[in-house]
Structures are given as C-alpha cells and as structure tokens.
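Enquirer: Handing you this structure, nothing more for now.
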Amino acid sequence: MRVMSIILALIALFIFPWQVALIAVFGASLLTPLSGIALGIVADLVYFVPGAAFVPYFSLFGLIATAIGFLVQRFVKTRIIGE
Amino acid sequence: MRKRFSRRHNSIVGAYPWLGPAALALLALVLVFGMLRILLPGALVALASPFWATGSALSAGVGNASGLFADKPSLLEERDRLLSENAALYAKSATLEAQVADLERLLGDRTEAGSGVLAGVLARPPVSPYDTLIVDQGERAGVSVGMRAEGPGGMPLGTVESVSGGSARIVLYSAPGKETESWIGEARIPVTVLGESAGAMSAVVAREAGIVPGDLVYVAGSGARPVGTVVSVANDPSLPRSRVDIRPLANPFSITWVTLVP
C-alpha cells in the first residue's frame, strides 16, 4: 500500500495536472511521511527553473506534507496505544 | 524467563521508525533524479518523455469526452460558427494560394530557411507546475539561454531559462511572479506585465489611460508582438490606478510546437 502510493504519486508528477499530483503526494506522505519531501524535490528537479518562481513551491509543499504526515502518524499511534 | 534484547541494537530504527528501507529508497530516488538533472539532463527528459506523452494523450481524451456532455443548442451554435469560419478560411486560403502562385511566377519558388529552431513541446501546463515548457531541442540544435520562444504566427510565449544537450526549459510570460516589460492598448502605454500562472497575466495602469477590455498587450522590443488581450479592467474611482487582467492569445495548455529565436 505504502510503496504503491509512492509509485502512483511519482507517476502522477509526469502524467496528471500538478494539482492532482499535489493530492497524490499528500496522500503518499500520510502513509510514508518522508515521501512528501522526496517527491517534492523530485518534482522541482524535473520542472523548476530559477526564473519560473521565487521559491521551489513543490519542495516547500512536500516539506509541509511531510510534517503533517509525521503529526498524523504520531496521533494515530497515540490513539492505538491509548485504546 | 525474561526475554533479553539489546536496546542499543535497535537504538536508531527503534527511536525513528520512519528511518527504514522506505526512507532509504526515497533518498536514493532523490539522489538519482538529482544526479540525472545535474549530470545527465538529457537522460532525465528521455526517461520522462513517455509519461509526458501519456499525460498529453490523457488530457486530450478528457477534453474530447467532456464534449459529449455539452448541451445540444450550444453544440449546434458551435457547429454553425465553425461552418462559417471554415467558409471564411476556405476563401482566404484560395486568395492566398492565388497570391503565392503569382509571386512564384514573379520571383521563382526559392525560399530561404526561416531563422530559429523548431522544437516540439514535451511537457506543458497543467502537468508542468510553474508555467514552464520542456522542449525537445537543446544546445546541440543551437538553443541557448535567453532565446525567445514563439508560437504560431511569431507570437511571443516566453524565454529559454535552462538548456541541456537535447532539451530546454522555457518560462512562459504567465509564470507566477515573472515580470515582462510590455506595451498595452493602441497608444502602446508601457507597463510591467506580471505572470499569474495558468496562462493568466495582470498589470497595473493609470486609471486615465483609457484601457478597455479587448485591447491588445504587446511584448516590448523590436516590433510590437501581441501576447494577450485585456479581459477586465478594475475601475475603482477611489484609486488612481487600475488592475488589468490579461488573457494570453495562445492557450498554454495546448502548445505543441514552438520556434526558438535569438
């Protein structure tokens, strides 16, 4: 499931509109937090050029998604242990 | 009997469960793409090309499928408009053919090769997130940073920002935050056009400038080349300046070929 979500998000970066790819990356980062930042960097390595934007937004989004992914995983683990 | 285990043995993975094979695989993925981008940019484009082609085909398929749900009156209206447009184009084509024949009789049929490099677009918005185009011609074909990308009829689209051996990245004038010196309206009022992403652009002009929807926006430089049309002007009487929204003449979502000129 985790590997599948990462592969799907990676393919989405090349096939689907970037908004769909963002959702796929976010979904993958909920299952595997580090995939958010990794896929964000990959997207910027493929598409970003210095003149295109002030900051590499995809990497920034990946970083945020990773942080959220960690928070969610921690919350879920706390809930499971607490039960 | 109490089970003994070494806390030290599991000290890294135990404390950081996410630092496992998945994390290492992701790190490897980033490293591979980073090395490809820096050392072998051509290989990266070659690797991604089949996926981009699939994405383009899918986008076209979705566009065609959505047409099935359009209502009948609007389809009929569109058909009538296309029929009249076709008739006008046929007449124009016949006139131009006659003109070409006359010119060939006068000058012969020798033509000089046009300047610039013709390049196919591999990735375009909305797949490409920064309003960038990735094209299949690079340094080997004579493409260099700073060249201007032109669409049909010599319409300026953007500038080349990065080049590798067999590919180049073009930043469109509509890229978020990109500023382009331009002229607006019949009076050619100088303005700075700001990219708003997804093809949209905007500018701020004096309210008294008399800009109205439908005015053309030209890229400043040799010859006035139109890049877009004004779609709306926010006329707030309390402000001395008006915000102008600009729509590009060429739809960035359907650009398939560009000409790169110095």
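Enquirer: Looking at the range B:131-138, is at least one residue under 20 Å from residue B:221 (Cα atoms), out of contact with any Phe, Trp or Tyr (no Cβ under 7 Å at 6 or more places or on another chain) and surrounded by fewer than 23 Cβ atoms within 10 Å (Cβ to Cβ)?
Expert: No, the conditions are met nowhere in the range B:131-138.
Enquirer: Right, something else. Restricting attention to the range B:171-188, which residues are part of a loop (DSSP other than H, G, I, E, B) and either within 14 Å of chain A (Cβ to nearest Cβ) or among the hydrophobic types (A, V, I, L, M, F, W, C) (or both)?
Expert: B:173, B:174, B:175, B:176, B:177, B:178, B:187
Enquirer: Can you tell me which residue in the range B:14-45 is modelled with the lowest pLDDT, limited to those that are facing another protein chain (nearest Cβ under 9 Å) and assigned to a loop (DSSP other than H, G, I, E, B)?
Expert: By that ranking, first place goes to B:18.
Enquirer: Also: Could you go through the range A:66-75 and let me know if any residue there is in contact with a Leu (Cβ under 9 Å, 6 or more places away or on another chain), more than 7 Å from chain B (Cβ to nearest Cβ) and buried (at least 20 other Cβ atoms within 10 Å of the Cβ).
Expert: Among the residues of the range A:66-75, at least one is in contact with a Leu (Cβ under 9 Å, 6 or more places away or on another chain), more than 7 Å from chain B (Cβ to nearest Cβ) and buried (at least 20 other Cβ atoms within 10 Å of the Cβ), which makes the answer yes.
Enquirer: Mind checking which residues of the range B:234-262 are part of a helix (DSSP H, G or I) and of a type in the set (A, V, I, L, M, F, W, C)?
Expert: Result: B:253, single match.
Enquirer: Could you list, in sequence order, all residues of the range A:1-34 that are at the interface with chain B (Cβ under 7 Å from one of its Cβ atoms) and over 24 Å from residue B:49 (Cβ atoms)?
Expert: A:2, A:32, A:33, A:34
Enquirer: Also: Out of (1) modelled with pLDDT under 90; (2) surrounded by fewer than 24 Cβ atoms within 10 Å (Cβ to Cβ), what's the single condition that is false for residue A:23?
Expert: Tallying (1) modelled with pLDDT under 90; (2) surrounded by fewer than 24 Cβ atoms within 10 Å (Cβ to Cβ), residue A:23 fails exactly one: (1).
Enquirer: Further question on the same structure: Where residues in the range A:45-65 are more than 19 Å from residue B:159 (Cβ to Cβ) and of a type in the set (A, V, I, L, M), which of them is farthest from the other protein chains (Cβ to nearest Cβ)?
Expert: For the range A:45-65, the residue satisfying everything is A:64.
Enquirer: Just one of B:66, B:74, B:11, B:49 is over 24 Å from residue B:168 (Cβ atoms) and at pLDDT 80 or above; which is it?
Expert: Answer to the selection: B:74.
Enquirer: Any residue in the range B:204-216 that is crowded, with 20+ Cβ neighbours inside 10 Å, within 15 Å of residue B:174 (Cβ to Cβ) and touching a residue at least 24 places away in the same chain (Cβ under 8 Å)?
Expert: no
Enquirer: In this structure, is residue B:127 modelled with pLDDT of 75 or more, among the β-branched types (Val, Ile, Thr) and within 30 Å of residue A:40 (Cα to Cα)?
Expert: yes
Enquirer: Of all residues in the range B:154-170, which are crowded, with 20+ Cβ neighbours inside 10 Å and more than 14 Å from chain A (Cβ to nearest Cβ)?
Expert: Within the range B:154-170, just B:156 meets the criteria.
Enquirer: Next question, about the same structure. Could you please tell me which pairs satisfy a Cβ distance under 8 Å, a separation of 6+ or placement on different chains, a first residue in the range A:51-62 that is within 22 Å of residue B:163 (Cα to Cα), and a second residue that is among the small types (Gly, Ala, Ser) and surrounded by fewer than 19 Cβ atoms within 10 Å (Cβ to Cβ)?
Expert: Sorted first by the residue in the range A:51-62, then by its partner, the pairs are A:53/B:177; A:54/B:177.
The values are calculated or read from the model by the stated rules, or taken from the named source; none is laboratory data. Being a predicted model, the structure only gives us computed values, none of them experimental. Note that each Cβ is placed from the backbone with ideal geometry, even for glycine, and that neighbours are counted across all protein chains shown.
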